[in-house]
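Below: the structure, in structure tokens.
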Amino acid sequence: MDGLLDRAGRPVWALRGLIGYIARAAAHLRPAAVVVGFDCPEDSARRTDYPDYKAHRPAKSADLAEQIAGAPQLLRAAGICTVVPPSYEADDVLASSAELARGRGWRSVLMTSDRDAFALIDDTTSVLRVRNGGFDEAVLVDSAGLVELCGVQSWQYRDYAALRGDPSDNLPGVRRFGSARAARLLAAFGTVDAAWAALDDGDAASVRAAVGEQAAEQLAAPSAREIVERNRRLMRMRADLPMPDLSAARLPLRRSVIRWALSGRGIHLGPSLWALTGEPVPAGTEDVTHELRPWVFRRGMAGSREPTPGQLSLF
């Protein structure tokens, strides 16, 4: 049955969902180019550094694992620029591609469920964060939106996340520091290093004033520095990986190529691929380009977001 199994009896529901997400995002963002990144399936530089990294995650079902393993080949066959970096992750593809786009004078939108990408936000880079509930619950976060959402600037986000920790990656944070207290510390000192400098200079009172006595004591402990340094190291995304030239990622895709590749796996998405193939909006399909405004965390924001020429979408 289409959407469940292909003609060979292989599951395709996750692959179909992935292509659908890419096509729907392209319809909203109208990018000039698309890059898709995947985690390296064989090696992990972060796990070599810290064996407990993501160690708590349950094994994926056989059906899902098979589809993930075959996804890069399918996307490449469809003409979508796809990167699987040796020893690194999709997040590193996001960071490296955003850096490449920035150097070429492009804007970029990073589509991901991982909050670590918030550290990449700047005047040319925003994050389309996919949350539980699917694409309709996605939010587009820019620099102003990040402050409203987390209470920190993007250049502070790695310290914020390192203090708070990331249970999804099995990275504990500093005791007594949740999101709110981490944001208060960074609002007062800018960086966690500046807070440590205050403690080292005997100015514990200013730290206590910002986060309370018990949290200040935890921050002063040697273990806190070890935790934050480890988390910052593992959360830092590589922005210098070798990447394909942006010309290899440009849209539109050839309609015959993408449809042939997808039909070979029993995936038939019909006219929904129009934004990837450069076709007009199909009759009876609403042009959703201007529906991004509700996703932006900014009070009083007026006006809709026009398609941006030279925009790169990264997933």
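The values are calculated or read from the model by the stated rules, or taken from the named source; none is laboratory data. No experiment lies behind these values; they were computed from the predicted model shown. All Cβ positions, even for glycine, are placed from backbone atoms using ideal geometry, and neighbour counts span all protein chains on display. What goes into the accessible areas is simple: the full protein's heavy atoms, side chains included, and nothing from ligands, DNA or RNA. Shrake-Rupley method; radii C 1.70, N 1.55, O 1.52, S 1.80 Å.
Using the 1.4 Å probe convention, the accessible area of the chain works out to 48 Å² per residue with neighbouring protein chains retained. Which whole-angstrom value gives the distance between the alpha carbon centres of region 168-236 and region 93-119? For region 168-236 versus region 93-119, the Cα centre distance is 27 Å. Largest first, the residues T82, T285, T48 sort by 1.4 Å accessible area into T48, T285, T82.
Magnitude of the charge dipole for the chain, about its Cα centre and with charges confined to Cβ atoms of Lys, Arg (+1) and Asp, Glu (-1), is about 640 debye. To the nearest ten degrees, helix 179-189 and the longest principal axis of the Cα atoms of the chain are 60 degrees apart. Ordered by solvent-accessible area of protein heavy atoms (1.4 Å probe), largest first, the residues L269, L18 come out as L18, L269.
The charge dipole of region 1-84, taken about the Cα centre with unit charges on the Cβ atoms of Lys, Arg (+1) and Asp, Glu (-1), comes to about 280 debye, rounded to the nearest 20.
Adding -39500 (n - 2.57) for every DSSP H run of four residues or longer, then dividing by how many residues the chain holds, sets the calculated 222 nm ellipticity at -12000 deg cm²/dmol. Overall, the anisotropy analysis places region 1-131 in the oblate class: the square-rooted eigenvalues a ≥ b ≥ c of its C-alpha gyration tensor yield a/c not less than 1.5, with a/b not exceeding b/c.
Against the chain, whose longest principal axis is taken from its Cα atoms, helix 62-77 shows a tilt of about 70°.
If only the Cβ of Lys and Arg carry +1 and only the Cβ of Asp and Glu carry -1, the dipole of region 46-102 around its Cα centre is close to 40 debye. Comparing A23, F38, L185 along the charge dipole axis of the chain, the residue lying farthest to the positive side is A23, per the Cβ-charge model. FRET efficiency for the pair D52 and D122, taken as 1/(1 + (r/R0)^6) with r the Cβ-Cβ distance and R0 = 35 Å, rounds to 0.65. Once backbone amide H atoms are built at 1.01 Å from N, A138 has R131 as its partners under 5 Å, excluding neighbours fewer than 5 places away on the same chain.
The residue among S113, A204, L64 whose Cα reaches farthest toward the positive pole of the charge dipole of the chain, with charges on the beta-carbon of Lys, Arg, Asp and Glu, is L64. If you take the charge dipole of the chain about its Cα centre, with +1 on Lys and Arg Cβ and -1 on Asp and Glu Cβ, which of G266, M235, V12 is farthest toward its positive end? The one lying farthest along the dipole's positive direction is G266.
Counting DSSP beta bridges with both partners in region 31-163, what percentage is antiparallel, nearest 5? If I count the DSSP bridges inside region 31-163, around 40 percent turn out antiparallel.
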